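Notes follow the structure.
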Amino acid sequence: MQPFLADLGHAVLTRLRDALCLPLPEGLETNRARCASERGNALVEFILFSLLLLVPVVYFIVTIGQIQGGSFAVVGAADQAAKVYVMQKDPSRGRDMAERAALLALADHGHSAQQASVEVACDRRDCLSAGTAVTVTVKLTIPLPMLPFGDRLRLDAAHLNASATQIVGRFR
C-alpha cells in the first residue's frame, strides 16, 4: 500500500507541475513548447475573470448603497413632514407645507420630486384639533443606478415607504 501512495503522490505532483508549467526534476520529459506558447495567458485570464466577477459585485454594492440612502431619506422626509403639518393652522396649508418639507428632505439626499409621493392621514375629522394623531406617509421609487435610458425603461431597484405620526399639541 505504501509504494502505491508514493507513486500516486509523485504522479499528482508531476501533473501539477506540468499543468502549472513549473520546471520538472532532471531526467523527466517536459513540454516547454506548450508552456512557452502560453506565456502571458495568466494575465489575460486574470483580467477577464476579474472584470466578469468584479463589475457585477461593484454594481450590486452601488445599488444597495442607493437603496440604503433612499431609506434614510424617506424616513427623514416622513418625520419632517409630520412635524411641519402639526405646526400649521390650516389643514390645506398643512398638507402643502408637509409636502414641501418632504420633497426638500428628499432633495437633500439627491432624490427628485418625480420619484416621491406624500400622503397625510388623520385619526379625526378635524386634522388640526388638539390631540389628533397625524400620520404622514412618504413613498419613494429608487431607480437602478448608472443605467443608460433608465428613465425610459423604468427599471426600479426598490419602492420604499415610511410613515411618521405626530400628535397635534394643545398649545401651538
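If only residues of the stretch 80-105 that are outside any loop (DSSP other than H, G, I, E, B) and basic (Lys, Arg) are counted, the one that is least open to solvent (accessible area, probe 1.4 Å) is 83.
Pairs linking a residue in the stretch 107-128 that is closer than 18 Å to residue 73 by Cα to a residue that is in a loop (DSSP other than H, G, I, E, B) and not polar (S, T, N, Q), with Cβ atoms under 9 Å and 6 or more positions apart or on different chains, are 120/127. Would a scan of the stretch 123-136 turn up a residue that is modelled with pLDDT under 95 and closer than 23 Å to residue 59 by Cα? Taking every residue of the stretch 123-136 in turn, none turns out to be modelled with pLDDT under 95 and closer than 23 Å to residue 59 by Cα.
Scan the stretch 106-139 for residues that are part of a strand (DSSP E or B) and charged (D, E, K, R) and jot them down.
119, 139 - these are the residues of the stretch 106-139 that are part of a strand (DSSP E or B) and charged (D, E, K, R).
What number of residues within the stretch 40-55 are open to solvent by less than 100 Å² (accessible area, probe 1.4 Å), modelled with pLDDT of 85 or more and not aliphatic (A, V, I, L, M)? Counting residues in the stretch 40-55 that are open to solvent by less than 100 Å² (accessible area, probe 1.4 Å), modelled with pLDDT of 85 or more and not aliphatic (A, V, I, L, M) gives 1. For the stretch 119-134, does any single residue satisfy the condition of being open to solvent by less than 20 Å² (accessible area, probe 1.4 Å) and touching a Leu at 6+ places or on another chain (Cβ under 9 Å)? Scanning the stretch 119-134, I find at least one residue that is open to solvent by less than 20 Å² (accessible area, probe 1.4 Å) and touching a Leu at 6+ places or on another chain (Cβ under 9 Å), so the answer is yes.
Residues that are closer than 30 Å to residue 89 by Cβ, open to solvent by 80 Å² or more (accessible area, probe 1.4 Å), assigned to a loop (DSSP other than H, G, I, E, B) and not hydrophobic (A, V, I, L, M, F, W, C) within the stretch 140-172 comprise 170, 172, listed in sequence order.
The values are calculated or read from the model by the stated rules, or taken from the named source; none is laboratory data. Note that the structure is a prediction, hence the values are computed from the model and not measured. Using ideal geometry, Cβ is built from the backbone for each residue, glycine included, and neighbour counts are taken over all protein chains shown. Areas reflect the complete protein model, heavy atoms only, side chains present, ligands, DNA and RNA absent. Shrake-Rupley method; radii C 1.70, N 1.55, O 1.52, S 1.80 Å.
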